[in-house]
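**Student:** Below is the structure I would like to discuss, written out as structure tokens.
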Amino acid sequence: MIECPACKHQEFVGTVYCTECGSRLISVTPVPTLNIPRDRLDKEAMATKPAAPEGPELETGAILGLRVLATGDVISLIGRDNYTLGRSMEGQAILPDVDLRPYDAYDQGVSRIHTELRLLPQGVHVVDLDSANGTLVAGKRIEPQVPVPVRHGDIIQVGGMRLQMISRFRG
Amino acid sequence: MANEKDLYSLLGVPRNATPDDIRRAYREAALRLHPDRRDTHGQTQLFIETNQAYEILSDPHQRAEYDKRLEATESKQVETACFRTLVQQSRKSLLQMDEPQVHYVLLDINAVEDLPSLRPAINLGIVIDQSTSMRGPRLDQVRSATLAILKELRPEDSATIVSFSDRAQVVITPDQARDLAVARARLSLLQAGGGTEIGQGLEAGLSEVEKSFSRQGVNHLILLTDGRTYGDEDLCLSLADQASRQGIGINGVGIGADWSDRLLDDMATRTGGSVMFLDTPKAITGLLHGIFERLGSVVASRVRLEGAVAQQVDLRGGYKLLPEPMPMGDSLPMTLGHLPKNNRIRLLLEFVVHPLGEITQLVLAYLTIAGDVLGRGAEPSVLPIQITSTVSRQPDPDPPPMDIAAALNQIALYRMQDRARHEAELGQTTRAARRLENLATHLLAAGERELAKAALGEAERLNHTRRLSLEGEKVLKYGTRALLLLPPKAGLS
């Protein structure tokens with residue numbers, strides 16, 4: 001048996017979508033799993049110069065992360081081709097991939113499922129999932145459900161919380 | 001050499017069945033089909049065939065001889081078949097392990113390219129609900145939509161209009177349908193009043209369609225209703241089975257919120273048809289026109305999927321994705337209906353494979369696609385297919401093919417809606433409401449904002465009134481079902 005990561009429901013081996021909550025159990029476009037030492041990622045995050053805008057970011061496997069500006073913490077994003085951002089709550093069945101609850105997400109007006117980061121062949125994109133307080137990229141409010149490209153160093157604001165995109169790729 | 005019938009499929013046993021299995025299956029079939037129990041002609045014929053099948057398969061020597069002949073027949077059928085198939089599987093190999101596993105198979109059925117492109121003769125019956133609730137715009141729209149279809153008839157076509165309330169009547173015979181003035185006058189006589197007895201209407205409609213039945217054409221019945229039928233569900237289903245045997249497809253069209261969607265679904269599934277939901281009667285004309293157009297582009301009709309799955313395998317469910325989305329249930333044979341030109345029948349099958357011993361290869365199922373290619377004589381075209389997979393100890397690292405992943409994504413949404421409704425009916429409102437909220441999240445992520453809103457609305461409704469709205473049920477069911485048709489979106493989670 002295999003276990004659904006979202007709702008802990010037991011499924012037969014080979015199941016592609018959880019029959020309980022509908023979450024995908026198998027990644028359709030596998031992203032290589034990389035082990036990156038934490039301090040190295042932090043150092044990269046401190047480099048304020050944005051990466052040169054070049055080439056499709058997924059070609060060699062991107063190194064992705066989000067820095068919470070208020071605390072300086074870096075959340076690394078590894079192993080998937082999309083990440084939902086939001087905050088968890090007691091009894092919530094579908095959890096966001098990136099849980100912003102530890103960073104005071106509720107007070108900052110972050111929706112439970114707020115925004116999605118999508119790794120498309122053209123690069124990393126942000127999609128607002130019809131959140132209550134909206135998403136801003138580099139200070140501009142983005143349309144819900146429309147993917148907007150983001151680069152290294154861009155500030156993504158979910159509700160009142162400011163996150164900095166860290167996106168580097170190996171040459 | 002004479003064509004061998006598939007006796008295994010007749011008995012419903014896998015080809016690797018042990019003599020014990022064959023004996024058990026034969027006894028079960030004999031009990032079910034014995035002439036002392038039922039004396040309809042078809043049953044007795046089937047009983048005799050079952051006996052002959054058992055005689056051959058129970059004798060090891062005869063069985064071996066028969067297997068050889070069957071193989072020869074099938075390889076000849078593969079060469080001459082008018083169908084082509086493409087089989088995709090969710091994993092390249094099955095896993096050798098001590099617990100059950102799920103395996104998905106996507107089956108695409110096409111017609112071969114070099115078929116003559118003729119428009120087939122259409123033999124259509126339209127069965128109209130004229131119960132009191134149809135009064136007003138609903139019946140007006142149905143009238144004008146029906147008349148629009150009659151205008152499109154070609155000389156080789158045939159159409160009958162039947163109406164029903166508590167009893168049924170033929171409003172327009174095939175002869176009258178050819179004369180538009182008469183047809184218009186007859187349709188204007190159609191007045192709303194009375195109850196809804198679908199069985200009555202269906203019986204009359206089917207017998208009219210049968211009268212003009214054509215093996216070289218498409219035979220089809222459209223049932224328009226806006227109400228619930230009470231007490232004659234069994235009659236409706238046995239009529240649907242009868243239609244399926246004769247090769248008449250049934251399309252259900254439900255208008256408004258209060259009609260028996262489950263009954264219509266069941267009837268359509270049995271005949272290879274589909275069901276559509278209209279929240280407003282305005283769309284009827286376009287919808288009927290669409291159905292009529294599609295009937296005109298059919299190249300093969302009465303397409304069926306027959307056969308049996310291996311002993312270690314269970315068929316857990318089937319979904320038809322193309323040409324029209326429809327859940328197909330979990331038993332063989334399946335009636336797939338009409339195959340349109342330049343399109344295909346796409347079917348997703350979900351198998352549960354029980355623990356496998358030390359084998360390196362498994363034939364999951366021996367299937368046969370049978371159907372009448374229109375304009376190609378009286379013999380049905382048959383294509384046998386084997387679904388085979390290797391068995392290995394190493395899991396397949398590759399993700400399932402794009403087509404399967406996309407289809408399963410949509411099916412997952414459809415199933416959540418189905419389960420939520422089931423739970424709501426059992427009184428598990430909290431679970432159902434939470435499931436609908438989940439569904440809404442997934443729908444939102446897929447960009448289906450209207451459907452997501454409907455799901456959230458129903459979840460809220462459940463928390464307040466402890467039940468779903470009749471309309472919401474149908475919006476969600478047919479809304480998520482329609483998603484099965486959509487191509488996968490880029491970057492979809």
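The values are calculated or read from the model by the stated rules, or taken from the named source; none is laboratory data. Just so we're clear, the structure is a prediction, and the values are computed from it rather than from any experiment. No Cβ is skipped: glycine too gets one built from the backbone with ideal geometry, and neighbour counts run over all protein chains shown. All accessible areas refer to the heavy atoms of the entire protein, side chains included, with ligands and DNA or RNA removed. Shrake-Rupley method; radii C 1.70, N 1.55, O 1.52, S 1.80 Å.
**Student:** 222 nm [θ] for the protein assembly as shown, helices only, -39500 (n - 2.57) per DSSP H run of 4+, per residue, to 500?
**Tutor:** Helix-only estimate at 222 nm: -10500 deg cm²/dmol.
**Student:** Average partner chain C-beta neighbours within 10 Å, per residue of A:123-135? Show your work: numbers first, answer last.
**Tutor:** Working: counts 0, 0, 1, 0, 4, 0, 5, 6, 0, 0, 0, 0, 0.
Mean partner shielding for this stretch: 1.
**Student:** List the residues of the stretch B:4-38 whose backbone N lies under 16 Å from a point placed 7 Å from the Cα of residue B:64 along the Cα-to-Cβ direction.
**Tutor:** Backbone N within reach: B:19.
**Student:** Another one. Would you kindly find the accessible area of residue B:233, with a 1.4 Å probe and non-protein molecules such as ligands, DNA and RNA excluded, rounding to the nearest 10 Å²?
**Tutor:** 70 Å²
**Student:** So, one more: Place a +1 charge on the Cβ of each Lys and Arg in the protein assembly as shown and a -1 charge on the Cβ of each Asp and Glu, then give the dipole magnitude about the Cα centre in debye, rounded to the nearest 20. List each step's numbers first, then the result.
**Tutor:** On the way: 75 positive and 85 negative charges, 254 e Å.
Here the protein assembly as shown has a charge dipole of around 1220 debye.
**Student:** Which residue, A:88, B:408, A:22, has the largest displacement toward the positive end of the dipole of the protein assembly as shown when charges sit on each Cβ (Lys, Arg +1; Asp, Glu -1)?
**Tutor:** Of the listed residues, the answer is A:88.
**Student:** Given a 1.4 angstrom probe, what's the average accessible area per residue across chain B, in square angstrom?
**Tutor:** Result: 44 Å² of accessible area for each residue.
**Student:** Output ³J(HN,Hα) for the stretch B:86-91: one whole-Hz value per residue in order, computed from phi by the Karplus curve 6.51 cos²θ - 1.76 cosθ + 1.60 with θ = phi - 60°, and x for Gly and Pro.
**Tutor:** 10, 10, 10, 10, 5, 9
**Student:** Considering Cα pairs under 8 angstrom that are at least six residues apart, work out the relative contact order of the stretch B:402-485 and quote it in whole percent.
**Tutor:** Relative contact order comes out at 34 percent.
**Student:** Of B:111, B:146, B:133, whose Cα points farthest to the positive end of the dipole of the stretch B:99-146 (charges on the beta-carbon: +1 Lys, Arg; -1 Asp, Glu; origin at the Cα centre)?
**Tutor:** It is B:133.
**Student:** Which whole-number percent is the relative contact order of the stretch B:1-80 (Cα, under 8 Å, 6+ apart)?
**Tutor:** 34 percent
**Student:** Could you tell me which of rounded, prolate or oblate describes the stretch B:223-376, using a ≥ b ≥ c as the square roots of the eigenvalues of the alpha-carbon gyration tensor, with rounded for a/c under 1.5 and, failing that, prolate when a/b is larger than b/c and oblate otherwise?
**Tutor:** Note, shape of the stretch B:223-376 comes out prolate.
**Student:** Still on this structure, please answer the following. Ignoring ligands, DNA and RNA, what percent of the accessible area of the stretch B:122-295 is carbon or sulfur (1.4 Å)? Working shown, then result.
**Tutor:** Details: 3250 of 6550 Å².
Carbon and sulfur together cover 50 percent of it.
**Student:** On average, how much area does the Cα convex hull of the stretch B:356-423 cover when viewed from any direction, in nm²? All intermediate terms of the calculation are to be shown ahead of the outcome.
**Tutor:** Details: hull surface 36.1 nm².
Hull-based average projected area comes out at 9.0 nm².
**Student:** Have a look at the stretch B:65-96 and report residues whose accessible surface goes down by 20 Å² or more when the remaining protein chains are included, against the chain on its own, probe 1.4 Å, ligands and DNA/RNA excluded.
**Tutor:** Correct list: B:91.
**Student:** Can you bin the stretch B:122-295 into rounded, prolate or oblate? Criterion: square roots of the alpha carbon gyration tensor eigenvalues sorted a ≥ b ≥ c, rounded for a/c under 1.5, prolate for a/b above b/c, oblate for the rest.
**Tutor:** Since a/c stays below 1.5, the shape of the stretch B:122-295 is classed as rounded.
**Student:** If you don't mind, there's one more thing I want to ask. Please list A:143, B:74 in order of solvent-accessible area, largest first, computed with a 1.4 Å probe with all protein chains present.
**Tutor:** A:143, B:74
**Student:** Can you list the aspartates and glutamates whose alpha carbon sits under 15 Å from that of residue B:341, skipping same-chain ones fewer than 8 residues off?
**Tutor:** B:108, B:113, B:114, B:293, B:324, B:372
**Student:** Where in the stretch B:294-374 are there GluC sites (Glu not before Pro) that are in a DSSP coil and have at most 13 other Cβ atoms within 10 angstrom of their Cβ?
**Tutor:** B:358
**Student:** Please report the antiparallel percentage of the DSSP beta bridges confined to the stretch B:122-295, to the nearest 5.
**Tutor:** Here the antiparallel bridges make up roughly 15 percent for the stretch B:122-295.
**Student:** Can you give the accessible area buried between chains B and A, summed over both chains, with a 1.4 Å probe, in Å² to the nearest 100?
**Tutor:** The B and A chains share an interface burying roughly 2500 Å².
**Student:** When Lys and Arg each count +1 and Asp and Glu each count -1, what net charge do the other residues less than 12 Å away from residue A:101, Cβ to Cβ, add up to?
**Tutor:** Numbers: positive: A:87, A:112; negative: A:90, A:99, A:104, A:107.
Around residue A:101, the charge tally is -2.
**Student:** I'd like the carbon and sulfur percentage of the solvent accessible area for the stretch B:1-80, probe radius 1.4 Å, heavy atoms only, ligands and nucleic acids excluded.
**Tutor:** 52 percent
**Student:** I would also like to ask the following. Which shape class applies to the stretch B:370-469: rounded if a/c is under 1.5, otherwise prolate when a/b exceeds b/c and oblate if not, where a ≥ b ≥ c are the square roots of the Cα gyration tensor eigenvalues?
**Tutor:** prolate
**Student:** Here's something else I'd like to know. May I ask which residue of B:191, B:158, B:204 lies farthest towards the positive end of the charge dipole of the stretch B:122-295, with charges of +1 (Lys, Arg) and -1 (Asp, Glu) on Cβ and the Cα centre as origin?
**Tutor:** Ranked along the dipole, the leading option is B:158.
**Student:** Would you rank B:151, B:211 by solvent-accessible area, highest first, keeping every protein chain in place and using a 1.4 Å probe?
**Tutor:** The ordering from most to least exposed comes out as B:211, B:151.
**Student:** Residue B:76: which aspartates and glutamates have alpha carbons under 12 Å from its alpha carbon, excluding same-chain residues fewer than 8 sequence positions away?
**Tutor:** Partners found: B:4.
**Student:** Ok, one more. Roughly how much of residue B:363 is accessible, in Å² to the nearest 10, using a 1.4 Å probe?
**Tutor:** 40 Å²
**Student:** Sticking with this one: What does the charge dipole of the stretch B:1-80 about its Cα centre add up to, to the nearest 20 debye, if the Cβ of each Lys and Arg holds +1 and the Cβ of each Asp and Glu holds -1?
**Tutor:** Once rounded to the nearest 20, the dipole reads 200 debye.
**Student:** Past the 29 Å Cα-Cα mark, which pairs from B:211/B:474; B:282/B:453; B:282/B:474; B:151/B:320?
**Tutor:** Numbers: B:211/B:474 34 Å; B:282/B:453 23 Å; B:282/B:474 18 Å; B:151/B:320 32 Å.
The answer is B:211/B:474; B:151/B:320.
**Student:** Any chance you could check the Cα centroid distance between the stretch B:55-133 and the stretch B:347-379 for me, in angstrom?
**Tutor:** Spelled out, the Cα-based centre of one part sits 6 Å from the other.
**Student:** Could you order B:461, B:167, B:228 so the one with the most accessible surface comes first? Probe is 1.4 Å.
**Tutor:** Greatest to least solvent exposure: B:167, B:461, B:228.
**Student:** Could you pull the accessible area for residue A:97 with a 1.4 Å probe, rounded to 10 Å²?
**Tutor:** 70 Å²
**Student:** Another question about this same structure. Over the protein assembly as shown, what is the percentage of antiparallel beta bridges among all DSSP beta bridges, to the nearest 5?
**Tutor:** Taking every DSSP beta bridge within the protein assembly as shown, about 75 percent pair in antiparallel fashion.
**Student:** Still on this structure: Under unit Cβ charges (Lys, Arg +1; Asp, Glu -1), what dipole magnitude, rounded to 20 debye, does chain B have relative to its Cα centre?
**Tutor:** Details: 57 positive and 64 negative charges, 209 e Å.
That gives chain B a dipole magnitude of about 1000 debye.
**Student:** What percent does the relative contact order of chain B come to when contacts are Cα pairs within less than 8 Å and at least six residues apart?
**Tutor:** Rounded, it is 16 percent for chain B.
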